[in-house]
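Q: Below is the structure I would like to discuss, written out as structure tokens.
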Amino acid sequence: MHDLAARLRGLPPSLGPVRLIAVDGHAGSGKSTFAGRLAHALGGAPVLHLDDIASHERLFSWTDRLVTEVIEPLARGESAHYTPYDWRARAFGTPRPLPAAPVVLIEGVGAGRRALRPYLARLLWMELPREESWARGRQRDGAEQREFWDGWVAAERAHFAEDPSRPHADLLVLQRIAGYEVLPGPATTPGAGPEVTLSDGPSRMW
């Protein structure tokens with residue numbers, strides 16, 4: 001994980017002074033856990049969870065809010081402030097700061113959407129089939145969220161059908177028994193440097 005963190009820190013900034021790294025994948029694929037471990041390896045990099053940006057009314061139509069509250073301030077080198085959504089209270093809470101750190105992680109379904117890709121230094125995709133991901137998510141959230149999950153699955157299918165992220169991923173992240181395996185993604189340019197493709201040797205485990 002520290003090797004991957006070092007490679008990401010070495011990238012040129014993509015949003016003002018920030019290297020914005022997106023972690024996308026199907027719901028239940030392990031994005032939050034991976035992003036947390038990567039943030040730790042980066043020395044405590046800030047993590048924006050898209051669960052705090054989305055809401056019941058706007059499962060996927062939150063780009064305008066993200067741009068206004070997060071992208072534009074970071075592009076100016078300023079700390080962003082966003083209002084996290086409380087999924088139980090169905091209301092937005094107190095604003096939280098998101099500093100313009102050298103590396104900022106954004107994780108969640110749709111983090112690699114077309115409107116955000118121009119601002120990203122790298123797009124990472126959690127490589128887990130959607131049915132397996134959704135089964136994990138349903139098990140995690142329990143019976144009380146069954147109705148929500150039924151609606152979510154339909155919404156996620158529609159989102160990725162119209163705006164897929166995986167074809168544009170720079171790296172694919174596979175969770176293994178011991179750590180993670182990171183492989184070149186579909187968007188990798190053949191012959192690019194090792195800091196982009198991780199192709200200088202066998203697949204790494206983090």
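Q: Scan the stretch 95-108 and give yes if some residue there is assigned to a loop (DSSP other than H, G, I, E, B), of a type outside the set (A, V, I, L, M, F, W, C), within 28 Å of residue 136 (Cβ to Cβ) and within 16 Å of the chain's Cα centre (by Cα), otherwise no.
A: Within the stretch 95-108 (the criterion being assigned to a loop (DSSP other than H, G, I, E, B), of a type outside the set (A, V, I, L, M, F, W, C), within 28 Å of residue 136 (Cβ to Cβ) and within 16 Å of the chain's Cα centre (by Cα)), the answer is yes, since at least one residue qualifies.
Q: If you don't mind, another one. Filter the stretch 25-54 down to residues that are basic (Lys, Arg) and surrounded by fewer than 19 Cβ atoms within 10 Å (Cβ to Cβ), then give me how many there are. Quick ask: steps written out before the conclusion?
A: Of the stretch 25-54, the ones basic (Lys, Arg) are 31, 37.
Filter again for surrounded by fewer than 19 Cβ atoms within 10 Å (Cβ to Cβ), leaving 37.
Residues flagged as basic (Lys, Arg) and surrounded by fewer than 19 Cβ atoms within 10 Å (Cβ to Cβ) within the stretch 25-54 amount to 1.
Q: Okay, moving on. Kindly check whether there is at least one residue in the stretch 1-24 that is of a type in the set (Gly, Ala, Ser), under 11 Å from the mean Cα position of the chain (by Cα), within 22 Å of residue 114 (Cα to Cα) and assigned to a loop (DSSP other than H, G, I, E, B).
A: no
Q: If I ask for residues that are more than 20 Å from residue 184 (Cα to Cα), within 17 Å of the chain's Cα centre (by Cα) and not in a helix (DSSP H, G or I), which ones from the stretch 117-171 would you list?
A: 163
Q: I'd like the full set of residues that are acidic (Asp, Glu) and either in contact with a Lys or Arg (Cβ under 8 Å, 6 or more places away or on another chain) or open to solvent by 70 Å² or more (accessible area, probe 1.4 Å) (or both), limited to the stretch 61-75. Walk me through it before giving the result.
A: Looking only at the stretch 61-75, we keep the residues that are acidic (Asp, Glu), and these are 64, 69, 72.
Those that are acidic (Asp, Glu) and either in contact with a Lys or Arg (Cβ under 8 Å, 6 or more places away or on another chain) or open to solvent by 70 Å² or more (accessible area, probe 1.4 Å) (or both): 64, 72.
Q: Something else now. Residues of the stretch 38-64 being part of a helix (DSSP H, G or I), at pLDDT 95 or above and either basic (Lys, Arg) or out of contact with any His (no Cβ under 6 Å at 6 or more places or on another chain) (or both), which ones?
A: Result: 38, 39, 40, 50, 52, 63, 64.
Q: Hey, can you tell me all the residues within the stretch 37-60 that are closer than 25 Å to residue 154 by Cβ and either basic (Lys, Arg) or in contact with a Lys or Arg (Cβ under 7 Å, 6 or more places away or on another chain) (or both)?
A: The answer is 53, 56, 58.
Q: Does any residue in the stretch 123-141 that is closer than 16 Å to residue 151 by Cβ come within less than 9 Å, Cβ to Cβ, of a residue that is of a type in the set (D, E, K, R) six or more places away or on a different chain, and which pairs are these?
A: Filtered contacts from the stretch 123-141: 130/156; 130/157; 134/156; 138/146.
Q: Looking for whichever is of a type in the set (S, T, N, Q) and farther than 24 Å from residue 8 by Cα here; the options are 61, 79. Which one fits?
A: 61
Q: While we're here: Suppose we filter the stretch 139-156 for residues that are open to solvent by 30 Å² or more (accessible area, probe 1.4 Å) and within 12 Å of residue 25 (Cα to Cα); how many remain?
A: So the count comes out to 0.
Q: For residues that are in contact (Cβ under 8 Å) with a residue 60 or more places away in the chain, under 22 Å from residue 139 (Cα atoms) and among the hydrophobic types (A, V, I, L, M, F, W, C), tally how many sit in the stretch 22-56.
A: Looking only at that region, the number is 5.
Q: Right, something else. If you check residue 90 against the conditions, is it modelled with pLDDT under 95 and on the phi > 0 side of the Ramachandran plot?
A: yes
The values are calculated or read from the model by the stated rules, or taken from the named source; none is laboratory data. The structure displayed is predicted, hence computed values, not measured ones. Note that we place each Cβ from the backbone using ideal geometry, even for glycine, and neighbour counts take in every protein chain shown. Surface accessibility is based on the protein's heavy atoms, side chains included, excluding ligands, DNA and RNA. Shrake-Rupley method; radii C 1.70, N 1.55, O 1.52, S 1.80 Å.
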